[in-house]
1. So, in the range 150-183, exactly how many residues are under 15 Å from Ala131 (Cβ atoms) and aliphatic (A, V, I, L, M)?
2. Taking the condition at pLDDT 95 or above, closer than 27 Å to Thr12 by Cα, within 15 Å of the chain's Cα centre (by Cα) and among the hydrophobic types (A, V, I, L, M, F, W, C), does Phe175 pass?
3. Can you find even one residue in the range 26-39 that is outside any helix (DSSP H, G or I) and hydroxyl-bearing (Ser, Thr, Tyr)?
Amino acid sequence: MRVIAGSAKGRTLLAPRATGTRPITDRAKESLFAILAPDLAGAAFLDLFAGSGSVGIEALSRGASRATFVERSTPALASIRRNLDLTGLAGRAEVVGDDVFGFLRREPSPFAVIFVGPPQWRGLWTRTVTALDRAPGWLAGGAEVICQHDPAESAEPDLEHLTRSGERTYGRVRFTFFRAGAAGRV
């Protein structure tokens with residue numbers, strides 16, 4: 001696992017010593033960030049179910065102004081902090097040790113890009129996008145929400161503030177994209 005592009009390009013990231021985390025493959029991450037590139041410069045990025053933090057770190061490396069990492073696993077939190085130090089990006093990051101749904105019940109702060117990468121086969125990605133939809137204060141104008149899940153775990157959540165704007169599949173990884181307010185470009 002490594003940072004693919006930007007200021008921390010080539011830095012190797014540490015994986016957490018925890019069960020239940022599944023790091024994103026470099027191929028899938030590279031494809032995702034090719035899509036997100038126009039939205040990253042100066043963006044506030046939220047990484048939910050952050051695991052190793054590789055997605056949020058990639059966003060920071062590519063120009064996001066700040067990133068918030070939400071993870072409840074103690075070993076994963078340690079990995080995120082180590083990876084932020086290794087890449088020199090800790091100054092623009094906030095690491096929150098909390099359950100994602102507990103975090104989303106807090107007073108919202110808007111983010112331009114929100115990545116949801118939960119453990120599979122528990123219905124967590126649909127539950128999370130629904131929670132974001134019901135608390136639109138998390139969504140900056142035109143915000144993009146990206147959910148990572150297995151293609152067989154696809155669903156149609158009932159949403160009011162978010163619109164499905166596309167899907168991309170890379171092997172056993174599917175990204176489902178939602179846009180706040182209007183359909184996106186994916």
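The values are calculated or read from the model by the stated rules, or taken from the named source; none is laboratory data. These numbers were taken from a predicted model, which means no experiment stands behind them. With ideal geometry, Cβ positions are generated from the backbone for all residues, glycine too; neighbour counts draw on all protein chains shown.
1. 4
2. Numbers: at pLDDT 95 or above: yes; closer than 27 Å to Thr12 by Cα: yes; within 15 Å of the chain's Cα centre (by Cα): yes; among the hydrophobic types (A, V, I, L, M, F, W, C): yes.
Taking the combined requirement at face value, the residue satisfies it.
3. Among the residues of the range 26-39, not one is outside any helix (DSSP H, G or I) and hydroxyl-bearing (Ser, Thr, Tyr), which makes the answer no.
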